[in-house]
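The values are calculated or read from the model by the stated rules, or taken from the named source; none is laboratory data. Quantities reported herein were computed from a predicted structural model and do not represent experimental measurements. Don't worry about glycine lacking a Cβ; one is built from the backbone with ideal geometry, like all the others, and counts go over all protein chains shown. Side chains are part of the model used for accessible areas, which takes the heavy atoms of the whole protein and leaves out ligands, DNA and RNA. Shrake-Rupley method; radii C 1.70, N 1.55, O 1.52, S 1.80 Å.
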Amino acid sequence: LGPVMLDFSVPIRRWVMCRQFQCHQLFISWALLSSLPQMVGVVGLEIHAQIQSTSKLFSGSHVRFLAPPNSLVSHFDASLPGTLPVLNRRCVEAAVLTGLALNCTINRKSLFDRKHYFYADMPAGYQITQQRVPIAVNGMLVYSYFEGRRRNQVVTKSVKIKQIQLEQDSGKSLHDDERSQTLIDLNRAGVGLMELVMEPEMCCGEEAAAAVRELQLILQALGTCQANMAEGQLRVDANVSVHRPGEPLGVRTEVKNINSVRHLAKAIDYEIQRQMEVLQSAGKVLNETRAFDSKSGNTIPMRDKEGLQDYRFMPEPNLPPLFVYESEASVPAGVDPAQVVVIDRLSGQLPELPSVKRTRLVETYGILQEHSFTLVNEDGLIDYFENVVQTTKAEPRKVIGWVIKELMGNLNSQNLNVSQSPISPCALAELISLVESGHISSSTAKQVFQEMWKAPEKTVGQIVKEQDLWMINDKEELQKICKRIVDSHPEEVQIIRGGNKKVLNKLMGEVQRETKGRTDPVQIRAILEKMVS
């Protein structure tokens, strides 16, 4: 039939027009997307704080970390038939005290509920908690963190606390992968917890970490929780979602049982970024529970998130309503006030809280705000600092430099706390006083500090005397030393006389080297300037 001539002009033209239309649509879509506000993270926290108490919430079993497995278990903790809960008053007082410190409303009447789980480490098949009417509601936590290039700009924010509820802890499952079996330790079962539920008002890991750190300090100051995350005394669940401002909140995921402040910040920031990438690729964020893998820095799926209906909440039939009273005058007749929880009595026990301490330190001693955070964050450091200030005549701003740079630098390098410091506040005060009186130089004092650290049994005076570190104040001797340095550096002298005054610093360094830092730089500069002029 011969070659067949095919006319591709029409379909090709149509294809080009179609592609142009698609590109135009793509351009419009991109323009619309770029005009939308950026997605932001939304973070709410649920914090389980182990109450500092000698016994459990509903039984007389002792509470002790690292006790032999199943050595601290009562019949009630093991859920033996016929056993009944008896509420621990200390745990109630701890929850009320915490609520007062966080500006909560204390419910005069609260209720207990059963929340059903079917886990091997919860033999009863349910947890006793406070779902309907918790002990405290509507609180506020104020927290701060640092911004800026030098991390010295303090940003203060607040987050609402929806409620504080009392509940019992579960036991612990120990997984033996080699034998493919799981062992149960019920020592922790029934330990008293405060669950603090924070509203979703934070936007990133840094904010959440700062809030948890402030809460740690408050609980430790109150004595209601030791808040040691490494021992599981403070465990954090983070509820994370993303959305565009002005739109409804997105689907949230829960990152479960985060056990350090640093991991909390990383887990939240990773989860926010993950959800944004899912939505930007037209995916769907699932309402699920995830875990944080500290090795990879990722969150990984654990299970679908349970709904309220899965827990089958019901009133706890074995516990009556919990009543607390405003004052002893409001306690019903015939009831011993010493046997009930009285809010006024607990209000009088509130200590100086961290935020108040920081304000007092700045106003009293004139130190920088960031230094006040360091003092408050380290257990025992405020007392150490104030003891040094009271023992020496040096200005507090000079003392804080020694405490934060020298003391904390050495403690951190050796992973020690303040109570383990080999240098006492009195010894440091003596060293600073020698600098203030001009008997030793500041550079020499740093050498002496390191010697004191190595040999705490020696006094400051002994070290200075043994190593001949006293300041050289004799003017004739200083003149001789400077003359010797000037004569041995004729080239530098000519450069200085030619107008380059910076070279004078080299001569000063030579003097300091020869005298082992035992001269006053201001005095030496004056002598050298006169000699080379």
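Determine, yes or no, whether Leu57 is out of contact with any His (no Cβ under 7 Å at 6 or more places or on another chain), part of a loop (DSSP other than H, G, I, E, B), buried (at least 21 other Cβ atoms within 10 Å of the Cβ) and in the same structural domain as Val133 (by the TED database).
Values: out of contact with any His (no Cβ under 7 Å at 6 or more places or on another chain): yes; part of a loop (DSSP other than H, G, I, E, B): yes; buried (at least 21 other Cβ atoms within 10 Å of the Cβ): yes; in the same structural domain as Val133 (by the TED database): yes.
Considered against the rule, which asks whether it is out of contact with any His (no Cβ under 7 Å at 6 or more places or on another chain), part of a loop (DSSP other than H, G, I, E, B), buried (at least 21 other Cβ atoms within 10 Å of the Cβ) and in the same structural domain as Val133 (by the TED database), Leu57 comes out as yes.
What number of residues within segment 199-235 satisfy the criterion of being in contact with a helix residue (DSSP H, G or I) (Cβ under 8 Å, 6 or more places away or on another chain), open to solvent by less than 20 Å² (accessible area, probe 1.4 Å) and closer than 22 Å to Met276 by Cβ?
Counting residues in segment 199-235 that are in contact with a helix residue (DSSP H, G or I) (Cβ under 8 Å, 6 or more places away or on another chain), open to solvent by less than 20 Å² (accessible area, probe 1.4 Å) and closer than 22 Å to Met276 by Cβ gives 4.
In this structure, is Arg151 over 23 Å from the mean Cα position of the chain (by Cα), open to solvent by 30 Å² or more (accessible area, probe 1.4 Å) and of a type in the set (Lys, Arg)?
Judged against the criteria, Arg151 is not a match.
Taking Gln181, is it within 21 Å of Phe65 (Cβ to Cβ) and either in contact with a Lys or Arg (Cβ under 9 Å, 6 or more places away or on another chain) or open to solvent by 20 Å² or more (accessible area, probe 1.4 Å) (or both)?
Judged against the criteria, Gln181 is not a match.
Which of the residues belonging to segment 263-274 are open to solvent by 40 Å² or more (accessible area, probe 1.4 Å) and out of contact with any Ser or Thr (no Cβ under 9 Å at 6 or more places or on another chain)?
Asp269, Gln273 - these are the residues of segment 263-274 that are open to solvent by 40 Å² or more (accessible area, probe 1.4 Å) and out of contact with any Ser or Thr (no Cβ under 9 Å at 6 or more places or on another chain).
So which residues in segment 85-103 are surrounded by fewer than 21 Cβ atoms within 10 Å (Cβ to Cβ) and within 9 Å of Ala136 (Cα to Cα), if there are any at all?
Answer for segment 85-103, where residues must be surrounded by fewer than 21 Cβ atoms within 10 Å (Cβ to Cβ) and within 9 Å of Ala136 (Cα to Cα): just Leu100.
List the helices (runs of 4 or more DSSP H) that sit entirely inside segment 311-412 and contain at least 3 residues that are over 30 Å from Lys454 (Cα atoms), open to solvent by 30 Å² or more (accessible area, probe 1.4 Å) and not assigned by the TED database to the domain that holds Ala95.
The qualifying helices (runs of 4 or more DSSP H) are 343-347, 354-365.
Of the conditions (1) closer than 30 Å to Ala120 by Cα; (2) modelled with pLDDT of 95 or more; (3) not in a helix (DSSP H, G or I), Leu264 clears all except one; give me its number.
Here Leu264 meets the rest and fails (3).
If a residue must be assigned by the TED database to the domain that holds Ser424 and of a type in the set (Gly, Ala, Ser), how many such residues does segment 460-497 contain?
1
Among the residues of segment 500-533 satisfying the criterion of being in contact (Cβ under 8 Å) with a residue 40 or more places away in the chain and β-branched (Val, Ile, Thr), which is surrounded by the most Cβ atoms within 10 Å (Cβ to Cβ)?
Thr519
Only one of (1) out of contact with any Ser or Thr (no Cβ under 6 Å at 6 or more places or on another chain); (2) open to solvent by 40 Å² or more (accessible area, probe 1.4 Å); (3) modelled with pLDDT of 95 or more; (4) farther than 22 Å from Gln233 by Cα fails for His75. Which number is that?
(1)
Only strands (runs of 3 or more DSSP E) wholly contained in segment 64-168 count here; list those with 1 or more residues that are of a type outside the set (Lys, Arg) and within 30 Å of Glu370 (Cβ to Cβ).
Where strands (runs of 3 or more DSSP E) fall fully within segment 64-168 and carry at least 1 residues being of a type outside the set (Lys, Arg) and within 30 Å of Glu370 (Cβ to Cβ), they are 136-147, 153-168.
Of all residues in segment 470-499 being open to solvent by 50 Å² or more (accessible area, probe 1.4 Å) and within 50 Å of the chain's Cα centre (by Cα), which is farthest from Ser442 (Cα to Cα)?
For segment 470-499, the residue satisfying everything is Asn473.
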